[in-house]
1. Is the shape of segment 9-188 rounded, prolate or oblate, going by the alpha carbon gyration tensor and its root eigenvalues a ≥ b ≥ c, with a/c under 1.5 for rounded and a/b larger than b/c for prolate?
2. Quick check on the chain: helices-only [θ] at 222 nm, where DSSP H runs of length 4 and up contribute -39,500 (n - 2.57) each and the sum goes over total residues. Nearest 500, please.
3. Which of rounded, prolate, oblate describes segment 93-161, given a ≥ b ≥ c as roots of the alpha-carbon gyration tensor eigenvalues and a/c under 1.5 marking rounded, otherwise prolate only if a/b is larger than b/c?
4. Could you name the lysines in cross-link range of K112, using Cα to Cα under 21 Å and dropping any fewer than eight places away on the same chain?
5. Mark the label point 7 Å from the Cα of T16 along Cα→Cβ and return the residues of segment 87-107 whose backbone N is within less than 12 Å of it.
6. Mean-square fluctuation check for the chain, GNM, Cα pairs under 10 Å: which of P42, P146, P107 is largest?
7. Cα gyration tensor of segment 17-72, axes a ≥ b ≥ c as square roots of the eigenvalues: rounded (a/c below 1.5), prolate (a/b > b/c) or oblate?
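Rule-based calculations on the coordinates, nothing more; no lab input. Keep in mind the model is a prediction, meaning the values are calculated, not measured. As a convention, Cβ positions derive from the backbone with ideal geometry for all residues, glycine included, and neighbour counts pool all protein chains shown.
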Amino acid sequence: MINLLVTSSVQAKVMTAQFLQALSFAAYKHRHQRRKDAAKTPYINHPIAVANILLNEADITDEAVLIAALLHDTVEDTDTTFDEIEQYFGRVIRNIVDEVSDDKSLPKAARKQAQIDHAAGLSDRAKLVKLADKIANLRDTRTSPPEDWPTARIDEYLEWGKAVIDQIRGTHGQLEGLFDRAYAQGKAERPD
Ligand code: NDP
Ligand code: ZN
């Protein structure tokens, strides 16, 4: 059941043309992809969730951050290039997406470690997207986990997510509180 409760105190929020263009672009690019949960949720639900956390749970209205949130997995997970992002959305957005994209030439374990190593050096905008991405994924591991993950793997993911976010604390207290709650809820359901 989707939670449509808006905790934000920001009353008037306008969806801009470029935000809707980014949503449309991401929906097209991810159109054949599904999340890893048993229900095979359409992938686009995830970038929407990340943007929704930023705007409606953390009152972040910086349009570049919100657009980058919608686009944050397009290069990592589809055939989209950074040049394409720049062509449609400009250099500022391209740079944020670049900052939050893994280097896919690295083996998976090295990519995981690289996220921990590089988190502190991200721009503030990229840190906000990174925080919301981890909040969304930690929530997903609890509410709609990858279908083949045993509890030990979910626990490993919670700890890795925390290791990344611990590098960027001091960026946005509200988002960090949401992350801590998602982590605590995940841990509460895991064995010690
Ligand atoms: P990941 O650990 O990278 O999978 C998690 C990622 O999948 C998330 O960050 C998220 O990324 C995406 N995702 C899609 N659907 C969901 C969902 N329902 N819930 C949460 N996240 C979702 O998986 P990989 O297979 O790429 O493995 C990477 C690493 O995992 C390896 O390097 C290894 O260290 C470890 N591993 C551990 C194993 C174990 O048994 N302990 C076995 C195999 C690997 P996004 O935001 O990009 O969508
Ligand atoms: Zn993501």
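1. Because its axes are fairly even, with a/c under 1.5, segment 9-188 counts as rounded.
2. Counting only the DSSP helices, I get -18000 deg cm²/dmol.
3. Judged from the Cα gyration tensor, segment 93-161 comes out prolate (a/c at least 1.5, a/b above b/c).
4. K36, K104, K127, K130, K134, K162, K187
5. Flagged as within label range: 89-90, 92-93.
6. Among P42, P146, P107, the largest GNM mean-square fluctuation belongs to P107.
7. oblate
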